[in-house]
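I have placed the structure first, in the form of structure tokens, so that the comments after it can refer back to it.
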Amino acid sequence: MNQEAGEDYRTKGYAHLRSLLPREICNAVLARMKVDLNRQGISLDKIEREGPLLRQKAPELYGYHYPMFTSFLWGMTPSMEELTGEALLPTYCYFRLYRKDDICRVHSDRPACEHSLSLTLGYGDGLTWPLEVSSRPIDEPVARADDQFAPDEPTTALAMEVGDAVLYRGVHRAHGRTTPNPNRWSAHLFLHWVARNGPYADQAFDGQPPPAEVEF
């Protein structure tokens, strides 16, 4: 992993990870997901969800329903440890497909998202849609869903290409996408971790007991 990105994360609270995944892999993930959903007779409208952060319903698919995403979350853990400089445990992950003109309202995350990764998998029209992150620290999780950042909030807009990711302190940095999505659709995977010995360690595996030791 890029040393500069790790330094950015530890000093700013976020880091832009360019070309974290090759475009071909991103497309393969989307293609495989689409095939698997079609095989099960699941259309996108069946997995649409409403939420306070969205203007409209958006298809969402969580890792505990789709093991490929969970495997990706687990497999990325060593790389994220290298970047954050901390021993981590995974919590949960999910996929979301935003529609044209949608936004993601400004918010900070729940404790399970102490260290968060937003990965762009695809754009319907190839137009980058930036993730905006505040550099002002937040001491504790707060409930918030604002259309815009406050005028005095220092923010950075990170234009993400397909395969790019942003690693950010989900609990301690406000973030969102306040510019309407310029694409017909955009596909994103969100992955979350907590520090193994940190204040939110009880959120590991999304608050479930870790798997027991396996014997064969």
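The values are calculated or read from the model by the stated rules, or taken from the named source; none is laboratory data. Please read all numbers here as calculations on a predicted model, not as lab measurements. Glycine gets a Cβ as well: all are built from the backbone with ideal geometry, and neighbour counts include every protein chain shown. These accessible areas exclude ligands, DNA and RNA; they are computed on the full protein's heavy atoms, side chains included. Shrake-Rupley method; radii C 1.70, N 1.55, O 1.52, S 1.80 Å.
Compute the signed sum of charges (Lys and Arg +1, Asp and Glu -1) over the other residues within less than 13 Å, Cβ to Cβ, of Tyr98.
Every neighbour counted, the sum reads +4.
Any idea how far the Cα center of the range 183-216 sits from the one of the range 96-173, in Å?
Rounded to whole Å, the Cα centres lie 19 Å apart.
At a 1.4 Å probe, what is the % contribution of carbon and sulfur to the accessible area of the chain?
After summing per-atom areas, the C and S share lands at 51 percent.
Taking amide H positions as placed 1.01 Å from N in the peptide plane, with prolines and chain starts having none, which residues 5 or more places from Trp129, or on another chain, fall under 5 Å of its amide H?
The list, which skips near neighbours in sequence, is Met160.
Provide the net charge surrounding Ala15, with neighbours chosen by a C-beta distance below 9 Å and charges set as Lys +1, Arg +1, Asp -1, Glu -1.
For residues surrounding Ala15, the net value is -1.
If amide hydrogens are placed 1.01 Å from N in the peptide plane, which non-local residues have theirs closer than 5 Å to the one on Gly170?
Amide H neighbours of Gly170, under 5 Å, 5+ apart: His115, Ser116.
What is the mean projected area of the alpha carbon convex hull for the chain, to one decimal in square nanometres?
The orientation-averaged projected area of the Cα hull of the chain comes to 12.7 nm².
Output wanted: per-residue J couplings in Hz (rounded whole) for the range 189-201, from phi through Karplus 6.51 cos²θ - 1.76 cosθ + 1.60, θ = phi - 60°, x for Gly and Pro.
Listing the rounded values in order: 10, 10, 10, 9, 9, 10, 5, 4, 10, x, x, 10, 4 Hz.
At q = 0.29 Å⁻¹, what is the base-10 log of I(q)/I(0) for the range 152-214 according to the Debye formula with one equal point scatterer per Cα and no solvent? Please give it to two decimals.
With no solvent term, the Cα-only Debye profile gives -1.42.
How much net charge surrounds Pro137 when only other residues with a Cβ under 11 Å from its Cβ are counted (Lys, Arg +1; Asp, Glu -1)?
+2
Which listed residue (Pro78, Ala58, Tyr94) has the Cα farthest towards the positive end of the charge dipole for the range 52-121, taking +1 on Lys and Arg C-beta and -1 on Asp and Glu C-beta about the Cα centre?
Checking the options against the dipole of the range 52-121, the answer is Ala58.
Using the Karplus curve 6.51 cos²θ - 1.76 cosθ + 1.60 with θ = phi - 60°, work out ³J(HN,Hα) for each residue of the range 66-73 in order, rounded to whole Hz, and write x for Gly and Pro.
9, x, 4, 5, 5, 4, 5, 4
Please work out the average accessible area per residue across the range 76-216, using the 1.4 Å probe convention, and give it in Å².
42
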